[in-house]
Structures are given as C-alpha cells and as structure tokens.
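The values are calculated or read from the model by the stated rules, or taken from the named source; none is laboratory data. Everything numeric here is computed off the predicted structure, so don't read it as measured data. So basically every Cβ, Gly included, is an ideal-geometry build from the backbone, and we count neighbours across all protein chains shown. All accessible areas refer to the heavy atoms of the entire protein, side chains included, with ligands and DNA or RNA removed. Shrake-Rupley method; radii C 1.70, N 1.55, O 1.52, S 1.80 Å.
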Amino acid sequence: MNFKHSIIKYITGSEAAEEKAALDDWKADSEENLAALKNIVDMQQQVSILKNYQEVDTSRAWANIEQKIQQNDAPKQKPNYILKIAASLLFIIAAIFVFNKINEGNNSVEYLATTNKTIDLQDGSHIWMQKNSKLNQTSYRNVSLDGQAYFDIAKDPKTPFEVSTHHGKITVLGTEFNIITSKDKTQIYVSEGKVKVEYAGKKQILEVSQMITISENEMAVASSPFIKPVHWKNKILSFENNNLRYVLESVAIYYNIQLDWQIKAKEDQCKINTVFKDETLEDVMIELALISGLVYEIKGKTIIVKSYKC
Amino acid sequence: LLLIVCEVETLILDKIAFKTLFDDHYRPLCNFAYRITGDIDQAEDIVQDVYVKLWNNKEMLQKDKNVRSFIYTMVRNHALEIVRREGIGARINKEILYLHTEETEDMIDDEEIEKYRLIDKIYVSIRQLPPKCGEVFTLSKVNGLTYTQIAERLDISVKTVENHIGKALKLLREMLAESTVIFIIITTIP
C-alpha cells in the first residue's frame, strides 16, 4: 500500500473506502503516524493558503470599523440622573479640553517613509514618498519636504499648494511634479501643468517635462532627455531598446544619485528592455547586472560603472 | 477633573491598542475566514463585525489576557455559523472539515494564529520582490512548476530561472529572518 499516495488522496478528499480504512488504521497505529499525517496536511494547507491568498483593503476596512464603533458608542450615553448629566458634561468639556490641547500643541503632521509609500491628504492630493523621505504638513495646503516625493495635487484655484524645500518654495494650483531635495541641491521635475519656483528672491515658472536644479545660489532649467513625465506619474521606469548608458542616466536621475561612467569604449551596444515598478535602487541595479553583466559599485551617492558584457 | 482626564486618556490608549490589534491581524484573519467561507467579501464582513463586537465589549476583554486567541475563535465560530446557516456547505472542503468539525468550543491556539500571520508575511515579502523574480519564485515554489517548465513558459533560459530563484531566496531570507521555520518549509516545497 502506497501511503504517500493515499495521504494525498486523503487531503484532496478522493480516497476510496478501503484506502480510507487502511489509512485510519495506520493513523491510529501510533502517535508518530498521526503527527506525520498532521504535518503533511499542515504543509499542504500552508501552500494552499498562500496559493489562494486574498488581498484586502485594510484602510477601507478600518474606516468601516471606525464608523461602526462610533455609531455604537454614541447611543450608550443615556444619563438617567442629574449627577450623570453633570458627569458627562464634565467629561465632554474635559475631552474637548484635552483634544484642543493636542491640536494646539501639535498642529503639524509629520510623515516619515520607512518604505516607499503614498500619503493621501485631506484636500484630495496624493503624495508618493520615496523611502527615507520626510514630509511635514504644516497646514491644510502647506508641506515641507526632505528627500524625494512625487506630488499629485488636487486643483483648488483659491488655495495654492505650497511645498518648502531646502532651496526655496514651490507654489502650484493643481498639477503633478516630482521633487528631490537635500542640503546640497534641489531638483524639481514637472509632469503636468505649471509650477512656480521661488528661491533667493528669484522666480521661475516651469512647464511640462522641464526640470530645474537649484544649488547654492544657482538655478538651472533644462529639459531632461532621460526621463519622461510618465516615469514619475506611474512610478515606473520603462525601457524599450534603450542603450545601457541611457538607462543608467535615467536611473541616476530617478534615484537622485550621481553616475560615474568609467567605460572607455565609444559604442554602447547593450540594448535594454525592462520595466521597474516602484523598486529600490539596489534591486534595479541587481536586475540590470543580471541582464547586462554590468559590473558596478554604489559608493555613497554615486554609482560607479566599471564594465558590462552583453 | 484629573480623574476624568485620566479616563479620556485611557480611552485614547484603548483606541491605539485596538488599532494595533487591527493592523496586526486584519489581513491574516480575513484569509483565515476565507478558508471557511470561500468568499472574501463575506470573510471581510465577518472579521469587521468581530472587531466591532470586540470594541463594544472591551471592558470584558481586559480580564482575558489572550485577546488574539479570542478574536480568531470568534471569527471562526462566526464564519462556521454563517456557512451552516446559508447552507454553503458544498464550498467547505475536506481539509476544513478535518480541522473544524467538532471543535467550535475550543479556542484557537497560538500555533494556528502564527501560521496565518507568517503566511501573510510571506505573501507580503514575495510581493516586495522585483516583479520577474517574484513571478519565477511563485511559479516554482507555490505552483510547483519545474525550472524547465518555467523557462519555457517565460521564454527565458534555465540558468536565468536559477538566478531568479537564488536572488529571491536571498531577499526572502533577509525579509523573513526571524521566521526560519516557515522559511524552511517554503524552501523545501518541491
């Protein structure tokens, strides 16, 4: 009797009557047998759970729950005595007092991205933050940024949206743009609409696919050939038959890192076809190395490219 | 007044604890309930109802130390009840009967809870792999295809499949560092 075979049938529920009887005997034989069977069923079950894993929307679920518990909490307060009324009044006053205190002391909200993540603001804007970036919402449509973030700002002609960076202030009414900002330099790329940049008394209006680089007291506007609005918009870097050098230049801009191309050969014959969606720089480089035999090193804020083999 | 302020504080702290309980267990719980109902929307409804019930009875809970076990048991019983009432027994497979037939009175133990939490963690970790890498890994370890079959299906070389698997295992090993037991299981699936 092939037990492994009948165990599988047992799990899938297709065993014949006599096989089941034999298996039951075997199962009853010793504790070990029973444990072994349970183990196999468990392992099978785990793979099956993983295979059929269902994704759920946790933020929507939490909103549902929160709404229900608030509904349920409300009618519970039915004071029967004057004392109870007084107590709950006091309670409410105290609660308002405490909440006001909390709101007063800490009017700004700070977001720290430990992984790439999207923040939804109250005004309907979405901000996609790169890992290790810091965003501080100081008021309804005012934020300050350290690091890299892509802004998709909801239209509101009455209230301009303002972003403070290490170098100047960005004002928009409703557009999409990317900002990379650090102490050394700030880079802004516009993928939709117009953006006003102010720094050290100078003003500059940027249009679609224009990029500005600000450092010290310099402002340089350029159109970047390496990166397109759609890259920022969809958090996708996609390449179709592009040279390796081009790919790496784009990656460098996207991940805010310097590229040190140390290859002497003139012809770059490595054609790259690939898509990176919301990946870390490390993963992108590992994958590129896998495709093109790239030899590289990431040193601080620089990628050093030594050789490749296609 | 100080007493009342303290009361407000407890309420806020309760809410934080409750949110943590939600964040830690909501996804695994939904998949746990899904195993019983076979319908993810229904599973979500059940889990949400249980959380609401839990909040409404929070005073009672403080005496009970093992909230986790309590919530999983509530979800299971609630799910089984619905499955029986709505007569969707046909959807219940053998394995669930094997696990849940007689024991609605029993509490669900930590082992079972950890299982669902780890599977959740593995799933999330696999999702974080680079796309191709995750696809190859899933085809191999979850769907049980051979390297040659994967190579043919994705039109890549067997060597590349091996590279992807190697990379996936390395990344997963880092992500799941503390969950060694389950990792051994995953890497030994043929």
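Report the local net charge at B:Tyr72: Lys and Arg +1, Asp and Glu -1, summed over other residues whose C-beta lies under 10 Å from its C-beta. Show your work: numbers first, answer last.
Details: positive: B:Arg68, B:Arg76; negative: B:Asp109, B:Asp110, B:Glu112.
Cβ neighbours under 10 Å give a net charge of -1.
Note on B:Glu59: accessible area approximately 110 square angstrom, rounded to 10, probe 1.4 Å, nucleic acids and ligands left out. Find how many whole Å separate the alpha carbon centroid of region A:114-155 from the alpha carbon centroid of region A:247-281. Between the Cα centre of region A:247-281 and that of region A:114-155, the gap is 27 Å.
How big is D, in µm² s⁻¹, for region A:195-310 by Stokes-Einstein at 37 °C and 0.692 mPa s if Rh is the Kirkwood radius over C-alpha pairs? Estimated diffusion coefficient is 210 µm²/s. Modelled spin-label separation between A:Val295 and A:Cys310, with each label point placed 7 Å from Cα along the Cα-to-Cβ direction: 1.9 nm.
Along its three principal directions, the equivalent ellipsoid of region B:15-82 from the Cα gyration tensor extends over semi-axes of 20, 12, 10 Å, largest first. Note on surface exposure: A:Thr175, A:Thr213, B:Thr148 rank B:Thr148, A:Thr213, A:Thr175 by accessible area, highest first, 1.4 Å probe. Each Lys or Arg adds one and each Asp or Glu takes one away; over the other residues whose Cβ falls under 12 Å from the Cβ of A:Leu121, this sums to -3. In Å² (nearest 100), what accessible area is buried between B and A, both sides summed, heavy protein atoms only, 1.4 Å probe? The contact between A and B buries close to 4700 Å².
How large is the charge dipole for region A:149-259, taken about the Cα centre, if only the Cβ atoms of Lys, Arg (+1) and Asp, Glu (-1) carry charge, to the nearest 20 debye? Present the calculation step by step, with values, prior to reporting the outcome.
On the way: 13 positive and 12 negative charges, 28 e Å.
Charge dipole, region A:149-259, about its Cα centre: 140 debye, nearest 20.
Close amide H contacts of A:Ser125 (hydrogens built in the peptide plane, cut-off under 5 Å, sequence separation of 5 or more or a different chain): A:Ala154.
In angstrom, the C-alpha Rg and Dmax of region A:255-299 are 11.5, 32. Fully extending the segment from B:Asp110 to B:Asp41 would add 22.3 nm, taking 0.36 nm per residue of separation and subtracting the current Cα-Cα distance.
Could you please put B:Met107, A:Met285, A:Met219 in sequence from largest to smallest accessible area, using a 1.4 Å probe? Provide the component values of the computation, followed by the final result.
Numbers: B:Met107 100, A:Met285 0, A:Met219 50 Å².
From most accessible down to least: B:Met107, A:Met219, A:Met285.
Can you give me the P(r) profile for region A:121-270? Cα pairs, bins 5 angstrom wide beginning at 0, each as a whole percent. Once binned at 5 Å, the Cα pair distances of region A:121-270 give 2, 9, 19, 22, 20, 13, 8, 4, 2, 1, 0, 0. Using a simple spin-label model with pseudo-atoms 7 Å out from Cα toward Cβ, A:Lys134 and A:Lys185 lie 2.3 nm apart. Using θ = phi - 60° in the Karplus curve 6.51 cos²θ - 1.76 cosθ + 1.60, the 3J(HN,Hα) couplings for region B:150-167 round to 5, 4, 5, 5, 9, 6, 9, 7, 4, 4, 5, 4, 4, 4, 4, 4, x, 5 Hz; x is entered for Gly and Pro.
Pairs from the list A:Lys169/A:Lys194; A:Lys131/A:Lys299; B:Lys132/B:Lys170; A:Lys185/A:Lys301; A:Lys194/A:Lys228 with a Cα-Cα gap above 20 Å: there are none. Modelled label positions at A:Trp62 and A:Ser108, each set 7 Å beyond Cα in the direction of Cβ, lie 2.3 nm from each other.
What FRET efficiency do you get for A:Trp261 and A:Asp156 if R0 is 60 Å and r is their Cβ-Cβ distance, rounded to the nearest 0.05?
Numbers: r = 44 Å, r/R0 = 0.73.
With R0 = 60 Å, the Cβ-Cβ based efficiency is 0.85.
A:Glu218 to A:Ala35: extension gain in nm, 0.36 nm per residue of separation minus the Cα-Cα distance? Could you put the intermediate results ahead of the total?
Working: separation 183, 0.36 × 183 = 65.88 nm, distance 7.20 nm.
Extra length available between A:Glu218 and A:Ala35 comes to 58.7 nm.
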